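What follows is one structure encoded as structure tokens, with my remarks underneath.
The values are calculated or read from the model by the stated rules, or taken from the named source; none is laboratory data. This one's a predicted model, so the numbers in the text were calculated from it and none came from an experiment. All Cβ positions, even for glycine, are placed from backbone atoms using ideal geometry, and neighbour counts span all protein chains on display. SASA here: full protein model, heavy atoms, side chains in, ligands and nucleic acids out. Shrake-Rupley method; radii C 1.70, N 1.55, O 1.52, S 1.80 Å.
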Amino acid sequence: MRVLVLGSGGREHAFAWKIAQSKMLEHLFIAPGNPGTAKCGTNVNLSINDFDSIRNFVINEKIDLVVVGPEDPLVKGIADYFESNEQLKSVGVVGPHKNGAQLEGSKEFAKEFLINHSIPTARYKSFGSTDLAASYAFLETLSPPFVLKADGLAGGKGVVIPDNINAAKQELKEMLQDQKFGIASSKVVIEEFLKGIEMSVFVMTDGNSYKILPEAKDYKRIGEGDVGLNTGGMGAVSPVSFVDETLMRKIEDRIIKPSIEGIRKDGLNYKGFLFIGLMIVDGEPFVIEYNVRMGDPETEVVFPRIKSDLLSHLSAIAKGTLDQETIEIDDRSATTIMLVSQGYPEAYQKGKEIMGLEHTTNCLLFHAGTAIENNKLVTNGGRVMAVTTYGNNMIDALALGFDNVQRVLFDGKNYRKDIGFDLI
Ligand code: AMP
Ligand code: GLY
């Protein structure tokens, strides 16, 4: 098969790394990719939102399957674009159509879906820019802290959790009236705060059947002990130690099955990954968000635990034959530690030379924000590289990971030393 992966982060490097191992692969392209993906296939200088250029490339290179990494092109309708084009109709796309992508593209849509299909989630109401007074009244019915979510995509920054009502009112005004997150906060979902422990499950679906991938837990805050600003993710572990068979059964019966059934009943065109963010409250799972793609850095621990042929699974998703696939999982633990640039998630410098990769051992290095300048590997983003390691348990995997983290050197290297701390 001739395959095109869209995206340029650590997640896409993990896709490329795994797809490159498939016997079914004839050639892999990654657009735009990064220096890590360049080792797995051919990077192509295309923008992920430039559908016309992607179309031309796919036709010229006779691509059979397009795998969409990030949510943006999905929410903008890349799967619909392929289906409506005569020359692209036969090309498989892994990623939902625009209607399915609304599960991530609109928090209000996701909440309505959850309620309509009786899937456990926090109580909520949504408000538009003319509803400020009503939104304040709803706040009064809740107790702090308050969860305020911009309806649309806000680059992972759209959720704010003020701990007192005055701060919540001020925040609501900024979101709804001052468009703090632009058009994304012209509607806001206010929901009840759920106190518990977070984890995520990942499901592949062809719209009818589904397969559950290994669960994971990521570490979103910049600071140790889970404090400070939100980031794209500073590390992840899989499996998650507190997830036993009883909890997994509840998650499958109460959340995964009704989600896939709901997608079918509502006629959403969905062939791709569904990433379900969960809050476990006293042993009971609640959905806090859907994403219509894999997570980053969760992919960097989930895919290394898949032993079977990912490309076979991806092709089956696109063809609608996922029920015929068998997914084999590695029992070992995988952990990943994200190396980030000093200052991230706020302002940071780029262009710092990265050295020492040749001294790492028994680890997978997934590039995120890296580039080649004057034949040297340099930093090119806030999240620079994910260091993934295996172990017989999480602690062993992390020990190997932290050892390797010391060997990768660049000016301003920062990382969390406490990945997995809450699970020990
Ligand atoms: P989201 O983008 O919806 O995942 O929200 C970002 C983060 O906000 C989550 O990872 C949670 O830590 C937190 N969060 C979201 N919804 C809730 C909720 N209802 N109760 C408590 N925390 C929440
Ligand atoms: N790590 C969280 C995400 O990919 O949304």
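So, residue 127, is that one more than 27 Å from residue 251 (Cα to Cα) and aromatic (Phe, Trp, Tyr) or not?
yes
Scan 265, 220, 250, 257 and give me the residue that is of a type in the set (Lys, Arg), within 14 Å of the chain's Cα centre (by Cα) and surrounded by fewer than 22 Cβ atoms within 10 Å (Cβ to Cβ).
Just a single option satisfies the conditions, and that option is 220.
Could you list, in sequence order, all residues of region 278-300 that are within 11 Å of ligand 2 (Cβ to nearest atom) and either surrounded by fewer than 20 Cβ atoms within 10 Å (Cβ to Cβ) or not aliphatic (A, V, I, L, M) (or both)?
289, 290, 291, 293, 295, 296, 297, 298, 299, 300
When you go through (1) open to solvent by 10 Å² or more (accessible area, probe 1.4 Å); (2) on the phi > 0 side of the Ramachandran plot one by one for residue 227, which number turns out not to apply?
With (1) open to solvent by 10 Å² or more (accessible area, probe 1.4 Å); (2) on the phi > 0 side of the Ramachandran plot applied to residue 227, the lone miss is (2).
So, residue 326, is that one out of contact with any strand residue (DSSP E or B) (no Cβ under 6 Å at 6 or more places or on another chain), touching a residue at least 24 places away in the same chain (Cβ under 8 Å) and among the β-branched types (Val, Ile, Thr) or not?
No: the conditions fail for residue 326.
Would you confirm, using the coordinates I've provided, whether residue 61 is outside the structural domain of residue 378 (by TED's automatic domain parsing) and without any contact (Cβ under 8 Å) to a residue 40 or more places away in the chain?
For residue 61, the condition - outside the structural domain of residue 378 (by TED's automatic domain parsing) and without any contact (Cβ under 8 Å) to a residue 40 or more places away in the chain - is not met.
Across region 232-254, what is the total count of residues that are more than 15 Å from residue 394 (Cβ to Cβ), at pLDDT 95 or above and within 16 Å of ligand 2 (Cβ to nearest atom)?
2
Please enumerate the residues belonging to region 84-96 that are touching a residue at least 24 places away in the same chain (Cβ under 8 Å), out of contact with any Gly (no Cβ under 7 Å at 6 or more places or on another chain) and not β-branched (Val, Ile, Thr).
85, 87, 88, 92
Could you identify the single residue in 159, 188, 201 that is β-branched (Val, Ile, Thr) and more than 16 Å from ligand 2 (Cβ to nearest atom)?
Being β-branched (Val, Ile, Thr) and more than 16 Å from ligand 2 (Cβ to nearest atom) holds for just one of 159, 188, 201, which is 188.
For residue 210, only one of the following conditions fails: (1) surrounded by 17 or more Cβ atoms within 10 Å (Cβ to Cβ); (2) within 12 Å of ligand 1 (Cβ to nearest atom). What is its number?
All conditions pass for residue 210, except number (2).
Could you identify the single residue in 127, 146, 113 that is away from ligand 1 (no atom under 13 Å from the Cβ), open to solvent by less than 20 Å² (accessible area, probe 1.4 Å) and under 18 Å from residue 278 (Cα atoms)?
Being away from ligand 1 (no atom under 13 Å from the Cβ), open to solvent by less than 20 Å² (accessible area, probe 1.4 Å) and under 18 Å from residue 278 (Cα atoms) holds for just one of 127, 146, 113, which is 113.
Quick check on residue 203: is it more than 23 Å from residue 398 (Cβ to Cβ) and touching a strand residue (DSSP E or B) at 6+ places or on another chain (Cβ under 8 Å)?
Yes.
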